[in-house]
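The block underneath contains the structure these notes are about, expressed in structure tokens.
The values are calculated or read from the model by the stated rules, or taken from the named source; none is laboratory data. For clarity, every value in this text was computed on a predicted model and none was experimentally measured. Cβ placement follows ideal geometry from the backbone for every residue including glycine, while neighbour counts extend to all protein chains displayed.
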Amino acid sequence: MKSTTPAFLSIMILMFFLSSAWGHEGSTAVEDIAMVRKGVVRLSVAAQVPDYSVPWNPGRITRGTGTGFLISGNRILTNAHVSSNARFIAVQKENDSRMYEAKVKFIAHDCDLAILEVPDESFFDGMSPLSLGGVPSLDSTVTVLGYPIGGRRLSVTRGVVSRIDFRAYSHSAVDSHLTIQIDAAVNPGNSGGPVLQNNTVVGVAFQAFSGDVAQNVGYMIPVPVIKRFLTDINDGRYDRYVDLSILQFPLLNNAYRRAMGLAPGDYGVIVSSVLKTSPSARVLRPGDVLLTIDDLPIFSNGYVEMGDERLRMEEVVERKYKGDSVRLKIIRESKQMEVTVPLDSPWPYLIRGRRHDVRPSFVVFGGLIFQPLSYDFINASNIKDINILYHYYHFIDNELYLKTPEIVVLSKILPDPINVYLRGYVNSIVHKINDKPIRTLKDVSDALKEPADYYVIRLLGKHRPVILERKEVEEARERIIRGYGVLKEEHLGDSIVPEDWMDVSAK
């Protein structure tokens, strides 16, 4: 038998201390998880998803699971997509077979967060609220807690922070905010669960790529977004994110910079367009050069320096609230000046976003169904009409919303003897009814309620109008309603267009 060498002994001693350290770290991690898991809950949700193909229907019932966690004030924080369209939510603590009813108190579909409340105060016995931390650094380790794939036992996964970015939130499809990418598994059911570091919450798990796109790429909503949501609801309502509502173009080309009166360098962007419905339209113009925002220099790629990070200039606005403003130093026609822009939530972009907790708007008349153009309508229909696709995709950049705040479509026909020859008019945009321009769905409702012997409906791209005789429509009304189970003949609420804009634009 060979004698043990000093080098071998040194290696054995080193391995002993390393294994001891690892064992200690592991037990500490278990104790930390044991402490925070008292604040994590399983959510069971029964939801009713609107039916845009048969808009008067209540919609199909779905069931799903998610995760939430307790924060200060006996509030449960989770994702909006977990609790949206909910008809009943049950919460369950770990190792507790009892289920308690929860209700949505606040919901923010633009940043995918929601607050639930549990009326039965006994639910909180033995629970410990989790505290919010900060933004984790790149290449640091985080822990994700949740109930993925409908499991009834708590799941714990760990991963590394691989990117801090500004990207789209899939729940709304149109809103982008600060996002942190992690390589920990984030699966259905994990949504709404806390992401932990040093025993504090550094994020909320909320979306991931499918396995066909990328492996082990998940995302969490970081603390700045969470805190903004919690601050916004302090007054008892949620006001949505605000926006400058402009598009800017980088000023990287030196010749372009000289033409705009700028010296070569790495600062300044040019305004390429301004949304006409936004407060910025009263202050900014296309062609303005933005130099600073709230005294922070704007680099020529549209980024600013905040602390030790370079972030997109939109993040300065991200941290503001409705009624706040931003200060901008600009160059206009070779003159430098300072302006202040009040902030508000723009509405035209909502046509391109998923909507939740609202009912489809529609009007039924003579078996004809009229609906406003929207993401959900497009998603539920097989649209091929070039006019509809143009109005949908160019609603904002071609400023179509100024003349027609809602694009109304003849979406479907319930066949009846009075409309049997009108099938070729389906999926056409309504232009006029009895020579009155149609700008919103309410215009359709009002026009069809006015006394007339005939209703002449003119559609874009169609040479001949649709003509319905009032007498025939009245005779067919009960037949169509009963035959097709039409529960309601119109719903005009839940429009993307604010009422105050309707009033102003109508003048």
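Scan the stretch 202-221 and give yes if some residue there is at pLDDT 95 or above, part of a helix (DSSP H, G or I), assigned by TED's automatic domain parsing to the domain that holds Ile71 and within 24 Å of the chain's Cα centre (by Cα), otherwise no.
no
Would it be correct to say that Asp266 is in the same structural domain as Leu284 (by TED's automatic domain parsing) and of a type in the set (Asp, Glu)?
yes
What are the residues in the stretch 307-331 that are free of Cβ contacts under 8 Å to residues at least 24 places away in the same chain, surrounded by 14 or more Cβ atoms within 10 Å (Cβ to Cβ) and assigned to a strand (DSSP E or B), if any?
The answer is Ser325, and nothing else.
Considering (1) among the hydroxyl-bearing types (Ser, Thr, Tyr); (2) in contact with a Pro (Cβ under 8 Å, 6 or more places away or on another chain); (3) surrounded by fewer than 20 Cβ atoms within 10 Å (Cβ to Cβ), say which one Ser334 fails and leave the rest.
Only one criterion is unmet by Ser334, namely (2).
Any residue at all in the stretch 152-171 that is touching a Cys at 6+ places or on another chain (Cβ under 9 Å) and surrounded by 14 or more Cβ atoms within 10 Å (Cβ to Cβ)?
Step one: filter the stretch 152-171 for residues touching a Cys at 6+ places or on another chain (Cβ under 9 Å), giving 169, 171.
Filter again for surrounded by 14 or more Cβ atoms within 10 Å (Cβ to Cβ), leaving 169, 171.
Checking the stretch 152-171: at least one residue is touching a Cys at 6+ places or on another chain (Cβ under 9 Å) and surrounded by 14 or more Cβ atoms within 10 Å (Cβ to Cβ).
Within the stretch 233-252, track down each residue that is touching a helix residue (DSSP H, G or I) at 6+ places or on another chain (Cβ under 9 Å) and part of a loop (DSSP other than H, G, I, E, B).
Tyr238, Asp239, Arg240, Tyr241, Val242, Leu244, Ser245, Leu251
Have a look at Ser345, Ser374 and point out the one that is in contact (Cβ under 8 Å) with a residue 60 or more places away in the chain, hydroxyl-bearing (Ser, Thr, Tyr) and either touching a strand residue (DSSP E or B) at 6+ places or on another chain (Cβ under 8 Å) or within 16 Å of Val466 (Cβ to Cβ) (or both).
Working: Ser374 fails: either touching a strand residue (DSSP E or B) at 6+ places or on another chain (Cβ under 8 Å) or within 16 Å of Val466 (Cβ to Cβ) (or both).
One residue alone meets the criteria, Ser345.
For the stretch 258-277, enumerate the residues that are part of a loop (DSSP other than H, G, I, E, B) and not hydrophobic (A, V, I, L, M, F, W, C).
Gly261, Pro264, Gly265, Asp266, Tyr267, Gly268, Lys276, Thr277
Conditions (1) out of contact with any strand residue (DSSP E or B) (no Cβ under 8 Å at 6 or more places or on another chain); (2) in a loop (DSSP other than H, G, I, E, B); (3) at pLDDT 95 or above; (4) farther than 15 Å from Val186 by Cβ, marked per residue:
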site: Leu116; (1), (2), (3), (4): no, no, yes, yes
site: Phe123; (1), (2), (3), (4): no, no, yes, yes
site: Ser128; (1), (2), (3), (4): no, yes, no, yes
site: Ser137; (1), (2), (3), (4): no, yes, no, yes
site: Thr143; (1), (2), (3), (4): no, no, no, no
site: Ile149; (1), (2), (3), (4): yes, no, no, no
site: Arg152; (1), (2), (3), (4): no, yes, no, yes
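Consider Val409 carefully, then state whether it is under 32 Å from the mean Cα position of the chain (by Cα) and not assigned by TED's automatic domain parsing to the domain that holds Pro50. So that I can check it myself, show each step before the final result.
Values: under 32 Å from the mean Cα position of the chain (by Cα): yes; not assigned by TED's automatic domain parsing to the domain that holds Pro50: yes.
So Val409 passes the test.
Specify the residue that is farthest from Glu450 (Cα to Cα); the eligible residues are those in the stretch 403-439 that are of a type in the set (Lys, Arg) and in a strand (DSSP E or B).
Ranking the candidates gives Lys412 first.
Considering the stretch 74-104 alone, what residues qualify as being outside any loop (DSSP other than H, G, I, E, B) and aliphatic (A, V, I, L, M)?
Those that are outside any loop (DSSP other than H, G, I, E, B) and aliphatic (A, V, I, L, M): Ile76, Leu77, Ala80, Val82, Ala86, Ile89, Ala90, Val91, Ala102, Val104.
State all residues of the stretch 412-447 that are closer than 21 Å to Asp494 by Cα and either surrounded by fewer than 13 Cβ atoms within 10 Å (Cβ to Cβ) or out of contact with any helix residue (DSSP H, G or I) (no Cβ under 9 Å at 6 or more places or on another chain) (or both); if no residue qualifies, say none.
First, the residues of the stretch 412-447 that are closer than 21 Å to Asp494 by Cα: 412, 429-430, 438-447.
Listed by number, the residues that qualify are Lys412, Leu441, Asp443, Val444, Ser445, Asp446, Ala447.
Considering Ile396, Ile383, Ile369, Ile378, which residue is under 29 Å from Ser411 (Cα atoms), assigned by TED's automatic domain parsing to the domain that holds Glu474, among the β-branched types (Val, Ile, Thr) and out of contact with any Phe, Trp or Tyr (no Cβ under 7 Å at 6 or more places or on another chain)?
Step by step, each of Ile396, Ile383, Ile369, Ile378 is checked, and only Ile383 is under 29 Å from Ser411 (Cα atoms), assigned by TED's automatic domain parsing to the domain that holds Glu474, among the β-branched types (Val, Ile, Thr) and out of contact with any Phe, Trp or Tyr (no Cβ under 7 Å at 6 or more places or on another chain).
Is one or more of the residues making up the stretch 455-473 farther than 22 Å from Ser428 by Cα and in contact (Cβ under 8 Å) with a residue 24 or more places away in the chain?
Yes.
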